[in-house]
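Asker: Before I ask anything, here is the structure I am working with.
Read-outs: derived from the displayed coordinates by stated rules, not from any lab. Quick caveat, the model's predicted, so the values are computed rather than measured. Backbone-built Cβ (ideal geometry, glycine too); neighbour counts: all protein chains shown.
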Amino acid sequence: MFEWLFNGKKLRENGVLGMNDRNYSVIAKYNKRSLYTLVDDKVKTKRLANSININTPKMIGIIEFQYQVKNLLDIVKGYDTFVIKPAHGSGGKGVLVIKKYDAKHFYSASGDVLSFKDVYQHVSNTLSGLFSLGGKYDVALIEEAVNFSDVFKNFSYHGVPDVRVIVYKGFPAMVMMRLATKESGGRANLHQGAVGVGLDVSTGLPLNAVMHNKPIFEHPDTKANLMDLRVPFWREHLIIGSLAYDMTGLGYLGADIVLDENRGPMMLEVNARPGLAIQIANGKGLKTRLQEIDEKYPLGLSAEERVDFVLNQGK
Amino acid sequence: MKLNLTRFFTIRKVLSLLLICAVGYAAYSIYYKVKYWGFSLSPKAVTDVWTVDAKISFRALGGDVKVSLAVPNDRDGFKILSEEIVAKGYKITQDKINSRVVLEGKDKEGKQNLYYRLSIYDDAQNVALNSLLAAKIDRPILSEEETIQMRKIWELSELQKGDKIQKAILAINQEVNNPTMSLILPLNHTAKEFAEKVIQVLAYKRIPARIARTIKLEEGRKTEKPDIMLEAYYDGHWTLYDLNTAKIGLPKNWVIIQRGGVSLLDVKGGEDSTVVFSVLKSVASPLKMAEHRAKAHDELWSYNYSMYTLPVFEQNTLKWLMIFPLAILVVVIMRNVIGVSTMGTFTPMLLAMALVRTGFWPGLICFSVMIALGLVMRALVAKLNLLLVPRISFVVIFVILLIQVLTVVGYRLNYTIVSSAIFFPIIITAWIIERASITWEEEGAVNTLKEILFTFITAVVTYFVISNEYVRHVMFAFNELNLVILFVVMLLGTYTGYRVTELMRFAPLIHKEN
């Protein structure tokens, strides 16, 4: 029952990165604290991304002060669908996707019918810091909704499937796709019961899939074979991740990317301290991979050259 | 990463070095405090403080009176805490050289009662060997028969065990009722006469010896006659012997009052003089005695700048604070080495602190009830969609009112479980409720209960560490240990090994690659 207590040596041999090691040897070393503000604020991140041609959902407007809340309808004029996001939120907290609205009601993506009052309340809560880290005053970001590509329709239950790329020193190091399930309530958070599928960084092919840390082979709700998962525009996904490094200067980051039917891969957010569950999804230790990049990968390449270097490793 | 490893190494090296320094310093401090201040590692250690009262009574004859009493001195093992003389109308002089107290009065008449009171502590048991040179003595002048008996005694002494003097004492004790020895050892004798005989026997071999008057320290003891023992100068120093058993040295809890042939009490200008000794025992904690001990060792300076000289209130506050670093260490270990996630970094620590005051079960039950009630209330309020700050304020005020109601009801109905509510930190309680209710909404009941459970477990572990009487005593009496904790915590800040929970979390990665 307690044999797992003796796993330490084997985990080390397999190059698994622990939380302490990540914080001490990687994040504290390569992520300067002053850079965090670039990724903590989604408005800032978006502007920065657009300045170097990273595709992101188009910003419709922002609401900064409580008195602006009632202007919501003016701001979204001309858009059928939109998303309200807290600029300082994390893990999808406080994200409200409006599919359509009429004179009386808003209809959310999760199927709720909301009154105007409800939506104003949501924005108001966002401003007062309900969803932000540490409860600080926040800004509500209103952006275009993503037209999710159909290619993942069979692999996700409601919600948004996204690709998480771990980028180390500008090189895509490890990738997984996160698929929402019934249990995760349409969210792509692994600890809430979403499925994580590890993807080979150079080929994009599925390596392994887990749910609640346990290997699975088919999606629990759609029953799709997870090994059949294919991600189109693989190179473009990786380039977004690689560019995120150029954009932020964070040596270790996680870029969350979604696929839009019309506009291709788009970056949703950058995480300065991405979690370690990606190792379980890939069935591989991250430390081995980071060491490989430290020791063998060349310096001074552009984002595209770095991605091509990584892609060539698979050939 | 290889390059960086060398840098880590030096940080760790420096911290390890500092840790070793801190350990060294703490070790020295502990030694110092135990040795010079008499601190003990055990909270239960007490110091016996003996009070010896000498009541001198006599009848003054109407003229000048001079009373001289032999008193113990601090060369004899015990340390003197205080000396007090109650003698109204008398001039008091202390004769340190001869260890006597001299009281002089003028025109005294009638019954006089004078008091001398001495408080002593720290029995060193064996009186330090006194190597003051003894004067040469002459052999006693004996008749022929006496000489024969004397030789006989010394012959018999060869059959006894021990050093020369012990042998003599044992032989004398054996022969004391033998009529053939009556010239040397008279049959009927007082303890003092017996001692004098022994001195005479030793003098025959030119061994200087003298009487020592001692008192056994025994709660409630009262005596007019101190016990008589013998000191003999042999092998270059004075040694104390028991006259009956010939044992060497002063037994535990005995005090020497006077040495040599001089009288215990001299009263000039009075008659019917008596001195009654009575003994009382009291105990004091080593912390209280530290000042006297430091003074006795001439280490008062360092003591004056320690926290033990502060007023009691400040001391108690510091005593409470001194346990914090250890509690913090427990939290650091629980989080970074074990890897449990808790609500708020130091919430479990503050919870544990509250448990120390309320008692374990009452506190735990009361707190659980408070959290549960708070969560219910918070769930009702969630529907109102209040703004953040007013909402948290609501929870804080609710908790305050809850504490008030529980405390009053608990007090009235005499349920300590309920009334212990008052000891829980309000903000922490409110924060746990708020945090739990948000987690509940966002991540479900299971995750919330898990987080609360881990917070409780960490608090309980911390509680058991800091509620231990020994731990608390040691952390206060030897507070330098907090410096050790400081560097241990810093070193843990460079710990990059797996957390215990990660061993389980990453278990799937083991079967994969092999």
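Asker: Pairs to check: B:K88/B:K268; B:K66/B:K225; B:K111/B:K197; A:K44/A:K117; A:K42/A:K296; B:K66/B:K295. Give those whose C-alpha atoms are more than 25 Å from each other in this structure.
Answerer: From B:K88/B:K268; B:K66/B:K225; B:K111/B:K197; A:K44/A:K117; A:K42/A:K296; B:K66/B:K295, over 25 Å: B:K111/B:K197; A:K44/A:K117; A:K42/A:K296; B:K66/B:K295.
Asker: Moving on. I'd like to verify something in chain B: which complete DSSP H helices, judged by Cα projection on the helix axis, reach 15 Å or more and average at least 0.5 on the Kyte-Doolittle scale?
Answerer: Both cut-offs are met by B:2-36, B:347-358, B:360-382, B:388-413, B:426-466, B:481-492.
Asker: Considering the Cα trace of chain B, what is its radius of gyration and what is Dmax, both in angstroms?
Answerer: In Å, with Rg to one decimal and Dmax whole: 36.1, 119.
Asker: For the protein assembly as shown, compute Rh as the Kirkwood radius over C-alpha pairs and then the Stokes-Einstein diffusion coefficient at 25 °C and 0.890 mPa s; write the answer in µm²/s, rounded to an integer.
Answerer: Rounded, D is 70 µm²/s.
Asker: Right, here's the next one. R0 = 30 Å: FRET efficiency of A:K153 with A:I52, Cβ-based, nearest 0.05?
Answerer: 0.45
Asker: Tell me the relative contact order for chain B as a rounded percent, counting alpha carbon contacts under 8 Å between residues six or more apart.
Answerer: 19
Asker: Also, I was wondering about something else. Okay, helix-only estimate at 222 nm for chain B: each DSSP H run of n ≥ 4 adds -39500 (n - 2.57), divide by all residues, round to 500 deg cm²/dmol; what do you get?
Answerer: It comes out at -16000 deg cm²/dmol, rounded to the nearest 500.
Asker: Just subtract the alpha-carbon distance of B:S282 and B:T223 from 0.36 nm times their residue separation and send over the number in nm, one decimal.
Answerer: Value of the extension gain: 19.3 nm.
Asker: By how many nm would the segment from B:D272 to B:S182 grow when fully extended, if each residue of separation counts as 0.36 nm and the alpha-carbon distance is taken off?
Answerer: Once the chain is fully extended between B:D272 and B:S182, it gains 29.2 nm.
Asker: Can you give the FRET efficiency for B:L401 and B:L449, using 1/(1 + (r/R0)^6), R0 = 25 Å, r = Cβ-Cβ distance, to the nearest 0.05?
Answerer: About 0.50, to the nearest 0.05.
Asker: Next question, about the same structure. Excluding same-chain residues fewer than 8 positions from A:K32, which lysines have a Cα within less than 16 Å of its Cα?
Answerer: Correct list for A:K32: A:K169.
Asker: I want to verify the translational diffusion coefficient of the stretch A:92-198 in µm²/s; compute it with Stokes-Einstein, Rh as the Kirkwood radius over Cα pairs, at 4 °C and 1.567 mPa s.
Answerer: 82
Asker: Now, a different point. Hey, how much of the P(r) for the stretch B:280-320 falls beyond 11 Å, as a percent of Cα pairs?
Answerer: Result for the distance tail: 68 percent.
Asker: Tell me, what is a quarter of the convex hull surface for the C-alpha atoms of the stretch B:138-207, in nm² with one decimal?
Answerer: Mean orientational projected area (the stretch B:138-207, Cα hull): 4.3 nm².
Asker: While we're here: Under a point-charge model restricted to the Cβ atoms of Lys and Arg (+1) and Asp and Glu (-1), what is the dipole moment magnitude of chain B relative to its Cα centre, in debye to the nearest 20?
Answerer: 1040
Asker: Can you work out the PRE-style zone for A:K29? Point 7 Å along Cα to Cβ, and I want the residues of the stretch A:154-194 with backbone N under 19 Å.
Answerer: Correct set: A:166-174.
Asker: How much mean residue ellipticity at 222 nm does chain A get from its helices, if each DSSP H run of length 4 or more adds -39500 (n - 2.57) and you divide by all residues, to the nearest 500 deg cm²/dmol?
Answerer: So the calculated ellipticity at 222 nm is -7000 deg cm²/dmol.
Asker: Turning to a different aspect of this structure: Please work out the C-alpha center-to-center distance from the stretch A:160-212 to the stretch B:47-97 and express it in whole Å.
Answerer: When both Cα centres are located, 90 Å separates them.
Asker: Loop-only trypsin sites (Lys or Arg not before Pro) in the stretch B:183-244, please: DSSP not H, G, I, E or B, and at most 15 other Cβ atoms within 10 Å.
Answerer: Here the sparse-neighbourhood loop sites are B:K205, B:R206, B:R221.
Asker: Rounded to the nearest Å, what's the spacing between the alpha carbon centres of the stretch B:139-170 and the stretch B:451-514? Just the number, please.
Answerer: Answer, in whole Å: 72.
Asker: Mind computing the radius of gyration and Dmax over the alpha-carbon atoms of the stretch A:58-143? Å is fine for both.
Answerer: Rg, Dmax (Cα atoms, Å): 11.8, 36.
Asker: GNM, chain A, Cα, under 10 Å: largest mean-square fluctuation among A:M247, A:M227, A:M19?
Answerer: Between A:M247, A:M227, A:M19, it is A:M19 that shows the largest mean-square fluctuation.
Asker: Within the P(r) computed for chain A, what percentage of the Cα pairs occupies the region above 33 Å?
Answerer: Counting every Cα pair in chain A, those more than 33 Å apart make up 25 percent.
Asker: Right, next: What nm distance separates the two modelled labels at B:L61 and A:Q68, each placed 7 Å from Cα along Cα→Cβ?
Answerer: 11.2
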